[in-house]
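Take a look at the structure set out below.
Please treat every number below as a calculation from the coordinates, not as lab data. The structure presented is a predicted model; accordingly, all values stated were derived computationally and were not measured. Using ideal geometry, Cβ is built from the backbone for each residue, glycine included, and neighbour counts are taken over all protein chains shown.
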Amino acid sequence: MSSPSQAVQTDPQFSAEERAAVYRAIHTRRDVRGQFLPDPIPDEVLARVLTAAHHAPSVGFMQPWDFVLVRSREVRQKIQADFRAAHAEAELMFEEGKRETYRKLKLEGILEAPVNLCITCDRSRNGPVVIGRTHIGAMDVYSAVCAVQNLWLAARAEGLGVGWVSILHQQTLREALGIPQDIVPIAYLCIGYVSHFYDKPELESAGWLKRMPLTELLHFDGWQGRADEAGERLVDEIGRVRPILK
């Protein structure tokens with residue numbers, strides 16, 4: 001029995017300008033904490049960004065995500081209070097030499113950003129057996145994270161900053177937003193226009209960590225596999241790549 005015909009993309013190629021714009025969004029995306037402006041986000045812009053998130057890849061096309069939009073200052077104050085408690089707990093987890101640096105870092109913009117968004121994962125959506133999740137059970141969670149990245153890149157292209165707040169107690173977040181126990185909160189995001197984007201990630205600029213060279217993270221045909229002649233050519237080419245920042 002023949003399969004039904006399926007429409008195909010009529011113009012699948014990107015122009016050089018379009019390709020550069022994609023890479024620029026990737027290379028200039030930042031985790032924004034302290035540069036949010038109070039300016040409202042127009043509905044048409046927010047609609048485009050959310051639609052981009054909804055078009056993320058998902059295992060078995062199960063689309064496990066939901067989006068909880070948070071504008072209420074009262075709700076955001078509850079979540080910020082939990083952040084403060086979790087932040088104080090986290091500080092004590094670091095070695096003493098790093099605590100002072102950690103204490104000075106700005107790690108959230110919950111009240112400054114005009115919009116907060118919680119992206120969740122419904123692991124039971126479309127039944128217990130999902131194509132592609134039969135052997136790697138966390139694929140639905142990974143899918144929801146892809147929605148986060150889609151949203152982040154679309155937001156950057158719209159001139160919006162996004163900050164992922166992960167220093168939270170998951171159960172408190174559930175209670176603040178009324179999220180059922182069987183739904184997994186994946187990301188709590190602060191979204192808004194910003195005064196500026198930094199050239200480098202803030203943790204890199206603060207000296208917390210440096211970006212690792214890609215070539216040190218690249219393996220060939222197996223873990224710690226060494227490069228053959230073709231691999232060496234790739235390594236040389238990686239050395240020539242420069243991020244598109246402007």
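Enumerate by residue number the chymotrypsin sites (Phe, Trp or Tyr not before Pro) in the stretch 1-90 meeting two conditions: DSSP loop (anything except H, G, I, E, B), and at most 16 other Cβ atoms within 10 Å of the site's Cβ.
Hits after loop and neighbour filter: Phe14.
Give the distance, in whole Å, between the Cα centre of the stretch 71-113 and the Cα centre of the stretch 219-246.
Comparing the Cα centres of the stretch 71-113 and the stretch 219-246, I get a distance of 38 Å.
Counting only residues 5 or more places away or on other chains, whose amide H sits under 5 Å from the amide H of Val70 once H atoms are built in the peptide plane?
Counting only residues 5 or more places away or on other chains, the set is Asn116, Leu117, Cys118.
From the square roots a ≥ b ≥ c of the eigenvalues of the alpha-carbon gyration tensor of the chain, which class results: rounded (a/c under 1.5), prolate (a/b over b/c), or oblate? List each step's numbers first, then the result.
Details: a/c = 1.42, a/b = 1.14, b/c = 1.25.
Since a/c stays below 1.5, the shape of the chain is classed as rounded.
Please report the net charge: other residues with Cβ closer than 10 Å to the Cβ of Leu245, K and R +1, D and E -1.
Numbers: positive: Arg24, Lys200, Arg242, Lys246; negative: Asp199.
It works out to a net charge of +3.
Could you name the lysines in cross-link range of Lys200, using Cα to Cα under 29 Å and dropping any fewer than eight places away on the same chain?
Lys98, Lys104, Lys106, Lys210, Lys246
Given Thr101, Asn150, Ala230, which one lies farthest toward the positive end of the charge dipole of the chain, if we put +1 on the Cβ of every Lys and Arg and -1 on the Cβ of every Asp and Glu?
Thr101
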